[in-house]
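J.: Take a look at the following structure, please.
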Amino acid sequence: RKMAATIPTNGIGLDAGLDVTGGDITFKTADKGVNLGVTSGAASNLLHDYEEGTWTAVLAGTGSSSGQGYDNQTMQYTKVGRMVYITGTLDMSSLGTLGGDYLKITGLPFTPDNSNSNSYQPISTHHVNVAGDNTSPFGWTVYGANTFMYVYEQTAGGGVQATTSGDYENGTVVGCAGAYITAA
């Protein structure tokens, strides 16, 4: 025979722990979570957001873009609190036409933080079949409160510059992995 539990308004104390068998713990109202590592609730220790999913990466110019083709552009993400971890492979079958001064990757699943310490957040990449010198390191950088990343490259002199459409070609493959902090 099943029994329903009545919980007092001031909460329940479980000195012996909690064993949930055959079900999930779900909160009835939004913005509730689990306080971790503390004996009393504090907003800075509240885990109230976890999500996994996919997002579609698109290579674009800062001006116009048309005719791009992909063998793969589906990326994965895991969001824990304000931290978003992204990973995947962008495989360009056709570069198409990219206009503007710089290249960018659009479609981030969450808007990045734009505070002074987080306005530029690097994402590690590995590029294959890049036009010209394949030894120049490239990288993606999450930029402010935008759901895109700029594409940067290291110059021969060791500096960093924004990447242009002449730096990619048909068949370019980019693997990425990294994390960024979302807006509050």
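The values are calculated or read from the model by the stated rules, or taken from the named source; none is laboratory data. Note that this is a predicted model, so its numbers are computed, not measured. Backbone-built Cβ (ideal geometry, glycine too); neighbour counts: all protein chains shown. Heavy atoms of the whole protein, side chains included, go into the accessibility calculation; ligands, DNA and RNA do not. Shrake-Rupley method; radii C 1.70, N 1.55, O 1.52, S 1.80 Å.
J.: Just checking, which of ASN116, ASN146 is at pLDDT 85 or above, farther than 21 Å from GLY171 by Cβ and of a type outside the set (Asp, Glu)?
T.: Result of the check over ASN116, ASN146: ASN146.
J.: Could I ask something else about it? Return the only residue of THR78, THR89 being open to solvent by 50 Å² or more (accessible area, probe 1.4 Å), part of a strand (DSSP E or B), at pLDDT 75 or above and touching a strand residue (DSSP E or B) at 6+ places or on another chain (Cβ under 9 Å).
T.: THR89
J.: Restricting segment 143-168 to residues that are out of contact with any strand residue (DSSP E or B) (no Cβ under 8 Å at 6 or more places or on another chain) and in a loop (DSSP other than H, G, I, E, B), which is farthest from ASP91 (Cα to Cα)?
T.: GLY157
J.: Sticking with this one: Looking at segment 171-184, I want the residues that are closer than 13 Å to SER117 by Cβ and have a partner that is assigned to a strand (DSSP E or B) and open to solvent by 10 Å² or more (accessible area, probe 1.4 Å) with Cβ atoms under 8 Å, at least 6 apart or on another chain. Which pairs are those?
T.: Sorted first by the residue in segment 171-184, then by its partner, the pairs are TYR180/MET83; TYR180/GLN121; ILE181/MET83; ILE181/GLN121.
J.: Looking at ILE105, is it surrounded by 17 or more Cβ atoms within 10 Å (Cβ to Cβ), in contact with a Leu (Cβ under 7 Å, 6 or more places away or on another chain) and either acidic (Asp, Glu) or closer than 17 Å to TRP55 by Cα (or both)?
T.: Taking the combined requirement at face value, the residue satisfies it.
J.: Examine segment 39-60 for a residue that is modelled with pLDDT of 75 or more, of a type in the set (A, V, I, L, M) and either in a loop (DSSP other than H, G, I, E, B) or in contact with a Pro (Cβ under 8 Å, 6 or more places away or on another chain) (or both), and state whether such a residue exists.
T.: yes
J.: Report, by residue number, each residue of segment 106-117 that is without any contact (Cβ under 8 Å) to a residue 60 or more places away in the chain and in a strand (DSSP E or B).
T.: THR106
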